[in-house]
1. Conditions: (1) under 28 Å from THR253 (Cα atoms); (2) part of a loop (DSSP other than H, G, I, E, B). ILE10 meets all but one. Number of the miss?
2. Would it be correct to say that SER292 is of a type outside the set (Val, Ile, Thr) and in contact with an Asp or Glu (Cβ under 7 Å, 6 or more places away or on another chain)?
3. For ALA295, only one of the following conditions fails: (1) out of contact with any Pro (no Cβ under 7 Å at 6 or more places or on another chain); (2) under 28 Å from VAL129 (Cβ atoms); (3) away from the ligand (no atom under 16 Å from the Cβ). What is its number?
4. What's the number of the only condition in (1) away from the ligand (no atom under 16 Å from the Cβ); (2) within 22 Å of LEU214 (Cα to Cα); (3) surrounded by 17 or more Cβ atoms within 10 Å (Cβ to Cβ) that PRO5 fails to meet?
5. Restricting to the stretch 335-356, name every residue that is under 23 Å from the mean Cα position of the chain (by Cα), surrounded by fewer than 19 Cβ atoms within 10 Å (Cβ to Cβ) and either over 17 Å from GLY109 (Cα atoms) or not charged (D, E, K, R) (or both).
6. Against the conditions (1) modelled with pLDDT of 95 or more; (2) exposed (fewer than 14 other Cβ atoms within 10 Å of the Cβ); (3) assigned to a loop (DSSP other than H, G, I, E, B), where does THR29 fall short? Just the number, please.
7. Among the candidates VAL246, VAL217, VAL199, single out the residue that is in the same structural domain as VAL61 (by TED's automatic domain parsing), modelled with pLDDT of 95 or more and in contact with a His (Cβ under 6 Å, 6 or more places away or on another chain).
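The values are calculated or read from the model by the stated rules, or taken from the named source; none is laboratory data. Computed from a predicted model, the values in this text were never measured in an experiment. All Cβ positions, even for glycine, are placed from backbone atoms using ideal geometry, and neighbour counts span all protein chains on display.
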Amino acid sequence: MEYHPLTKAIRIQTERTNEMEHSTPMFLTSSFQFENAEDMRAAFADETDDNIYSRFSNPTVQEFTDKMVALEGAEAGYATASGMSAVFASFMAFLKAGDHLLACNSIFGSTHTIITKYLPKYGIEYTYVSADKPEEWEAAIRPNTKMLYIETPTNPGLDIIDLEAAGQLCKKHNLIYNVDNCFATPVNQRPIEFGADLVVHSATKWIDGQGRVLGGVVVGKKELIKEVYLFCRSSGPALSPFNAWVLSKSLETLDVRMERHAANALSIATKLQDHPKLSWVKYPFLPSHPKSEIAKKQMQNGGGLFCFELKGGLESGRKFLDSLQLMSLTANLGDTRSIASHPASTTHAKLTEEERQAVSITPGLIRISVGLEYADDILNDILQALEQC
Ligand SMILES: *Cc1c(COP(=O)(O)O)cnc(C)c1O
């Protein structure tokens, strides 16, 4: 019987040991033994699927990977030590000197650093396009453009990119379509259904969901993942089996957690909409979001993040953070505990003022990662902090 991906996220399991444990075993081993010389030869010749060494494969890591592959509707995947190693591998496996990368400009800060500082060192060119001007993307494609890289919802502005339209553009120009699906998670949005060739994740965020471990994964078409695997097998960003075990357990509850995160976020964002201290509130499923129709087409719910702009700008931003009593100030998102961040002074502080403006990071922008605390407690914390601003 073919099960639904949500069932697979719970039921996919590595082989049990002789103890017949119900929960999943953890294989904390760097290498695997062989019975004899012939078995070892066959494994090294890729004639069998036997595990050789945990930089290549490990059963606990495979369990997490297989669940992610099922949830995203992909063919194959490779799990990495962090989201950034997944992003980096997805570039290095496919781009070479002379190639051109087209990327949306509102992306995660470290991804921006890889694209602007490291890829050019290896002769890989890039052009940034704007999330809110998709009509300008096609003109930026060159004969040597190899890949389109996007995030949606974007970080931290929560703009929405039409996944289907971007997929059609990639198909027309034969580009590898690479989507960072970290903000939505596969229970909310599956870019492969809209034509994505590769989907990358920071599993550190909603997928772990409790702020415990780092992890990442690249999933996609089999022949592309083979290249990612070969790059990672040699360069070594393998996910630790312990982290994979934590993340695999997390996937069993991802769907129910994300439903509550999104319900909390929608109710709080709705109640803050007309607050006198705010110039605007942005959440993908609020009718006031300029792309809410596209968000509803491609997402199951609006996700767990919303943002707003304090009328008082930078000073108010600091005051707001200092006044919070419940919420955490931390460089993360996607946790059971609600988190407030001020991108202009933290995650995007390395960008120039001009670059920040280009990706709508205004001085008073606050991003809230809505946790699983009781929704009114989160709302009341925000309201009392706004009173101080
Ligand atoms: C955090 C994050 C990353 C990087 O993931 P790490 O696990 O921190 O390396 C990449 N993309 C997005 C959208 C993120 O939020």
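1. Of the numbered conditions (1) under 28 Å from THR253 (Cα atoms); (2) part of a loop (DSSP other than H, G, I, E, B), the odd one out for ILE10 is (2).
2. Values: of a type outside the set (Val, Ile, Thr): yes; in contact with an Asp or Glu (Cβ under 7 Å, 6 or more places away or on another chain): no.
Against the criterion (of a type outside the set (Val, Ile, Thr) and in contact with an Asp or Glu (Cβ under 7 Å, 6 or more places away or on another chain)), SER292 does not qualify.
3. Of the numbered conditions (1) out of contact with any Pro (no Cβ under 7 Å at 6 or more places or on another chain); (2) under 28 Å from VAL129 (Cβ atoms); (3) away from the ligand (no atom under 16 Å from the Cβ), the odd one out for ALA295 is (1).
4. So PRO5 meets the others, but not (2).
5. Start the filter on the stretch 335-356 by keeping residues that are under 23 Å from the mean Cα position of the chain (by Cα), which leaves 335-351, 355-356.
Within this subset, residues satisfying the condition of being surrounded by fewer than 19 Cβ atoms within 10 Å (Cβ to Cβ) are 336-337, 345-346, 349-350, 355-356.
Matches in the stretch 335-356: THR336, ARG337, SER345, THR346, ALA349.
6. For THR29, the failing item is (2).
7. Working: VAL246 fails: in contact with a His (Cβ under 6 Å, 6 or more places away or on another chain); VAL199 fails: in contact with a His (Cβ under 6 Å, 6 or more places away or on another chain).
Selected residue: VAL217, the only one of VAL246, VAL217, VAL199 that is in the same structural domain as VAL61 (by TED's automatic domain parsing), modelled with pLDDT of 95 or more and in contact with a His (Cβ under 6 Å, 6 or more places away or on another chain).
Residue-wise test of (1) away from the ligand (no atom under 13 Å from the Cβ); (2) under 27 Å from MET26 (Cα atoms); (3) touching a residue at least 12 places away in the same chain (Cβ under 8 Å); (4) surrounded by 24 or more Cβ atoms within 10 Å (Cβ to Cβ).
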| residue | (1), (2), (3), (4) |
| --- | --- |
| LEU163 | yes, no, yes, yes |
| GLY167 | yes, no, yes, no |
| ALA203 | no, yes, yes, yes |
| GLN210 | yes, yes, yes, no |
| GLY215 | no, yes, yes, yes |
| GLY220 | yes, yes, yes, yes |
| PHE231 | yes, yes, yes, no |
| SER234 | yes, yes, no, no |
| ARG257 | yes, yes, yes, no |
